[in-house]
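For reference, the structure discussed in these notes is given below.
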Amino acid sequence: MKTSASLAAPLAQALQPLRARWQQLAAREQNLVLAAGAVVALALLWSLAVAPALHSLGTAPARHAQADQQLQRMLKMQAQAQQLRQHAPSQPQPVGNTQALLQQSLQAELGASAKMQWLGNRAQVTLTAAPASALARWLAQVRDNTHAAASEMKLSRAAAPAADATTRWSGSLMLELPDRAAP
């Protein structure tokens, strides 16, 4: 109790000049000061409480849609991972079969725009103006069928003929076979 009384005395002394000035104001001036104070209080209330809440309500549908899209992508990746686990061969494929499968799928999807060279358990694929869509399909097949993964890619966008608007890639990529297919 003594501490609150000791704090009240200096506060009362500090407010004394303000009270005196308030008493000197006319009733109309007091009303104007009260109205200005109310406007400032409402502005603070709006900027600190109401506006952020309204902003959150306004952006919630967009954030919800974005979260739903992210969830759908994650569920798709989960299903893909489960599919890969289910289709994983119980016995390792011999390297010769994997190499033949990769070479066959490369020729089927990319044709003459791709060449493959084997370096042990790795395959180097050299691309010359390969269509982007065919390359994407082939890489998906490689991942799904042989479980090989691209460990290096050095690709650049190739100039397409004037009549062709297809995106084409040139360069090289390195495929790494999984350990189970190693000799």
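Return yes or no: is residue 148 open to solvent by less than 30 Å² (accessible area, probe 1.4 Å) and in contact with a strand residue (DSSP E or B) (Cβ under 6 Å, 6 or more places away or on another chain)? Spell out the reasoning first.
Numbers: open to solvent by less than 30 Å² (accessible area, probe 1.4 Å): yes; in contact with a strand residue (DSSP E or B) (Cβ under 6 Å, 6 or more places away or on another chain): yes.
Criteria met by residue 148.
Screening residue 44 against (1) over 26 Å from the mean Cα position of the chain (by Cα); (2) open to solvent by 60 Å² or more (accessible area, probe 1.4 Å); (3) at pLDDT below 90; (4) not acidic (Asp, Glu) leaves a single unmet condition, (3).
Checking the structure you have, find out if any residue of region 91-98 is outside any helix (DSSP H, G or I), more than 30 Å from residue 128 (Cα to Cα) and either out of contact with any Phe, Trp or Tyr (no Cβ under 7 Å at 6 or more places or on another chain) or modelled with pLDDT under 90 (or both).
Narrowing region 91-98 to residues outside any helix (DSSP H, G or I): 91-94.
Next cut, more than 30 Å from residue 128 (Cα to Cα) only: 91-92.
Pick out the ones that are also either out of contact with any Phe, Trp or Tyr (no Cβ under 7 Å at 6 or more places or on another chain) or modelled with pLDDT under 90 (or both) and you get 91-92.
Yes: one or more hits.
The values are calculated or read from the model by the stated rules, or taken from the named source; none is laboratory data. Small disclaimer: the values here were computed from a predicted structure and weren't measured. All Cβ positions, glycine included, derive from the backbone under ideal geometry; neighbour counts span all protein chains shown. To get the accessible areas, we keep the full protein, side chains included, count just its heavy atoms, and leave off ligands, DNA and RNA. Shrake-Rupley method; radii C 1.70, N 1.55, O 1.52, S 1.80 Å.
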